[in-house]
1. For region 1-70, run through the trypsin sites (Lys or Arg not before Pro) and keep only the ones in DSSP coil with at most 13 other Cβ atoms within 10 Å of their Cβ.
2. So if each residue of separation counts as 0.36 nm, and I subtract the Cα-Cα distance between Leu155 and Val35, what length gain in nm does that give?
3. Per-residue ellipticity at 222 nm for the chain, helices alone: DSSP H runs ≥ 4 residues times -39500 (n - 2.57), over residue total, nearest 500 deg cm²/dmol?
4. Taking θ as phi - 60°, what are the ³J(HN,Hα) couplings along region 18-27 by the Karplus curve (6.51, -1.76, 1.60), each to the nearest whole Hz, with x for Gly and Pro?
5. Can you tell me the FRET efficiency between Ala139 and Lys23 if r is taken as the Cβ-Cβ distance and R0 is 45 Å, rounded to the nearest 0.05?
6. Take the Cβ-Cβ distance between Lys52 and Phe116 as r, set R0 to 25 Å, and report the resulting FRET efficiency rounded to the nearest 0.05.
7. For region 72-174, run through the chymotrypsin sites (Phe, Trp or Tyr not before Pro) and keep only the ones in DSSP coil with at most 13 other Cβ atoms within 10 Å of their Cβ.
Amino acid sequence: MIIYLDMDGVCCDFIGGVSRLFKFESLYEAWPVGVWDVSQRMGIPKQKFHDKVEEAGADFWANLEEYEHFKALNSMLAGYGRVVFLTSPGDWIGAPSGKLIWLQDRFGKLFSDWIFTQHKDLVHKSDAILIDDSSDNCALFPNSVLFPQPWNSNLWRRMDRVEYVKEEVERLLNDADKECY
Ligand SMILES: [Mg+2]
């Protein structure tokens, strides 16, 4: 069993990094329901947002804080299968190297269970589960768990995210077992 684990918005705090970069306070508070795009949330033109993140380079990505739940989430998922980090670097030049540094800082220089792609659908496997905070990405996989965040429809489970993911993974595994008979 492969568990694909998204990084931004699931393991590392992209929104916190953006808040620091643009000197915004508490972007998480009063996040408007249904708004996915962070530049829209901040009222900043898309291109300006893109350029400032680009300017910050690999350091921006390497220094994103891990969420408080990250270690618990990662070790819980590792109990079900091989966790492979599946993340999109977008078109930011610094993102692939910064993301690699982020992972190497935590798992060592030889760590290779990661895939950086803007096309998550291309790595689809029938026995894989995707954990992602984007409903569009989740729709690409038959088995996925939408990671609770204020910007998606599972926001109501954001207080006990790890428990929610565990319940959903168990449910998917149970469903898969039933299909075998
Ligand atoms: Mg994400």
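1. Lys23
2. So the chain would gain 42.0 nm between Leu155 and Val35.
3. -13000 deg cm²/dmol
4. After applying 6.51 cos²θ - 1.76 cosθ + 1.60, I find 5, 4, 5, 4, 9, 6, 9, 9, 5, 5 Hz.
5. Result of the calculation: an efficiency of 0.85.
6. 0.70
7. When the chymotrypsin sites (Phe, Trp or Tyr not before Pro) of region 72-174 are filtered for loop state and at most 13 Cβ neighbours within 10 Å, Phe111 remain.
Read the figures in this text as sums done on the coordinates, not as results from a lab. Just so you know, these numbers come straight off a predicted model, no measurement behind them. Reconstructed Cβ throughout: ideal geometry from the backbone, glycine too, with neighbour counts over all protein chains shown.
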